[in-house]
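Heads up, the thing below is written out as structure tokens.
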Amino acid sequence: MNEADIPIDIQVGKLQDWLVSRRIVNKNWHQNVRDIRSKISNALTDMPAHDGLVQLLKGAHINYFHCQQIIDILKTTEADSKNVFGRYGSQRMKDWQEVVKLYERDSLYLGEAAQILVRNINFEIPSIRKQIKNFEQLSDESEKKAVDLRRSQNTVNNEYQALCRQLGIAGENLREELIAKVGELPEMLTNVASSVSDLKKAVELYASFSSNAECLRMLRHVANVGNTTVYEFLYSEPPLSIEVPPMKFALEKSEAVTAEQEIDFGSDGGGIDFGDIGTSEVNLEVGEIDWGVPDAAVEPNAEVIDFEISLEESGIVVEEDGNAGGVAKGEEAYSICDSPTYRERLINEMLELQAFLKMRLYELSAGGDAVHILSLTMMDSFPDHDPKHLSQMLAQIDVAYGKLNSQQIQYLHQIKHSPKYVDILTSKLKQKLLAIDKMKDTEKLMLERAVTYRQQSADLKPTLTNVIEQTRILQNQIERDISKRYKNRVVNLMGANL
């Protein structure tokens, strides 16, 4: 096989070592390159206007092969400075010709070209690709965060709307709507009491089973009479009048006023005139009081009052002692379902009745002779005592309990009896709205970042294409240069992966 047909394969990563080992390049070549780079920098400051030069120097790291192309262009632009001996008088041409001569000494240009090639392949191109990938990844992550934020907005907004529906408000003027909604609480509690009235049979069954007619007094009262005042429950008669404690909601900051703003004491702070008390003597004339006692001389025809007449004979009726026909004040003025204390007791009695019915239902379902005999005995005094009716009673308790403990009634009950709670609840709702606004702003920011990252990635792609193209050109130039040194044998720089 002809030696000229045997290719020379060189690993790119070992190219510099290969050149040194073949004594093509001195191992200390890089020490002399600094002066050349300095001359190139000076020469670039004085360049003619030429499109080819602009394109050649655009984003390129000037090397020996570029210098040769620059000289070829200068042969055209500096043609007027050429003398009869074929030499150029232009300083520009002289500068670049000197650079080329310095490069060719000891093949410095080949060592530098190999260094640039290895650096581009191992560092520059991977770095640009990594930046592009990183920008694309950041863009994707920003878009994903925007989607997640939009989903979170919908979640929080649904929670906000659900809470507003539970409270029965539109959610536009939160505090005002909540305070106004408290006025509907009595009607809601009346509806609750109508559900409690369905529990009469269950209460009677419990009383019959426990042989205690006084059990579940409050539940029995509400089932029979309705959601009356606590006063009526305690004293078994309605009050003559009811003085419900007023609801005192704290004013908002914009509505709050100080005592000085409310009361005008005049410009000198003493607008109230109390007269001259304390500075002059006060005369209080006291007239004689007529006690109605007859004088010693009584007219003979005057009637004498008989103080021995009884109250019954006089027709005067004296009201009884105690609370009969009294005034309901304080907690006694609240309805049973509205009073914090008695409402809790009513709930406990519901749970007690529910536990009894569940136990009875379990006992009837479990069977047994003793239970069967007891059930027959109970059926005589209480016919609706079977699993079907017990299940119905349990369902009725669930309805009444669910209404009394509905989220809306709980919220309104706390607002009414704890005025600060309206501010707590308003703050809770406003926090959700603030969270939605914040997530909207963050979503907008994420989308803007996604566009920015995507644009930065797009801007780097032409740079990558240009670097890859220049690297391939440099690789071919090095391969041709080495090939000339070895009788034009084919040279392959392996492992470029461009």
Excluding V451 itself, calculate the net charge of residues whose Cβ lies under 12 Å from the Cβ of V451, where each Lys or Arg counts +1 and each Asp or Glu counts -1.
-> +1
Placing +1 at every Lys and Arg Cβ and -1 at every Asp and Glu Cβ, with all other atoms neutral, what dipole size does the stretch 24-145 have around its Cα centre, in debye to the nearest 20?
-> 280
Full-stretch length increase - T190, Q166 - with 0.36 nm per residue and alpha-carbon distance subtracted = 6.8 nm
Could you list, in their original order, any pairs among K14/K39; K101/K461; K14/K101; K329/K403; K388/K416 whose Cα atoms are separated by more than 32 Å?
-> K101/K461; K388/K416
Going toward the positive end of the dipole of the stretch 62-140, with +1 on Lys and Arg Cβ and -1 on Asp and Glu Cβ, which of Q68, N120, Y88 do you reach last?
-> Y88
Counting Lys and Arg as +1 and Asp and Glu as -1, each charge on the Cβ, what is the dipole of the stretch 93-187 about the Cα centre in debye, to the nearest 20?
-> 340
For K440, counting only lysines whose alpha-carbon sits under 22 Å away and dropping same-chain residues fewer than eight positions off, the answer is K144, K145, K428, K430, K432
Per the charge dipole of the stretch 387-498 (beta-carbon charges, Lys/Arg positive, Asp/Glu negative, Cα centre), the residue among S457, Q470, N405 reaching farthest to the positive end is Q470
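If packing is taken as the average count of other Cβ atoms within 10 Å, what order do 400-406, 159-165 fall into, highest mean first?
Most protected by this proxy first, the peptides run 400-406, 159-165.
Quick note: the coordinates plus some simple rules give every number you see, no bench work behind them. Model, not experiment: these values are computed from the prediction. Neighbour counts run over all protein chains shown; Cβ positions are idealised from the backbone, glycine included.
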